[in-house]
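Taking it in order: structure first as structure tokens, then the write-up.
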Amino acid sequence: MSTLSVPNSFTNGLNPDAGLMNANFAAVKTFAEVESVQRDGSVAFTGVVTFVASQSIPRCSAQAKCLAGGSSIPNTGNFTSLTFTAENWDSNGFITPSSTDMTVPTGLAGVYLATAQIDAETSTSTWRWGIYKNGVSVNQASFGVEAGSLSWVVDCVAGDIFRVKAAQTSAGALTTSQVLFSLVRLSL
């Protein structure tokens, strides 16, 4: 980060020269134009920014879980929605118990962090997991181990529906051990 420096210094009690004073003002103006964010965003900031919130963001979040034996995943390779068997927390009615859905409530549009933490019944190289928003896959991964996680930052509007889905192609159906799915609003 650059440091502001002015070309001239002055002594108390003496009248400053207008030309020298104007040179200092020009240095401050140049520094502000080059080293700070402009209102139109045309110049990148090079220092530390401290934000003062002008509007509070209400705590809006939920976490649902699928416990051991919660969802049986057939060996078809097709994605199956996981049923949430319990809530860890739900600040605003995101979760419908014993459902596959987590829905953004009315009035809570914003930017959200969606995170799925997955523990499988057994280690297999055939597990595939995905986070879906309104029926469309937004983040998928394959895990060759028993556990993994997916995260995604997404713009949401009221009524957006999220699901966590799994697929596998082992010799038979497998059951999830535990799946946690969280939706946390980051900003309006």
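The values are calculated or read from the model by the stated rules, or taken from the named source; none is laboratory data. Note that the coordinates shown come from a computational prediction; the quantities given were computed from them, not determined experimentally. In this analysis, Cβ positions are derived from the backbone assuming ideal geometry, glycine residues included, and neighbour counts consider all displayed protein chains.
Of note:
- Residue in the stretch 32-40 that is crowded, with 16+ Cβ neighbours inside 10 Å, at pLDDT 60 or above and not assigned by TED's automatic domain parsing to the domain that holds Ile131 present: yes
- Odd one out for Gly47 among (1) at pLDDT below 65; (2) in contact with an Asp or Glu (Cβ under 6 Å, 6 or more places away or on another chain); (3) of a type in the set (Gly, Ala, Ser): (2)
- One residue stands out in the stretch 57-115 among those that are among the hydrophobic types (A, V, I, L, M, F, W, C), surrounded by fewer than 13 Cβ atoms within 10 Å (Cβ to Cβ) and in a loop (DSSP other than H, G, I, E, B): the one that is modelled with the lowest pLDDT, namely Ile57.
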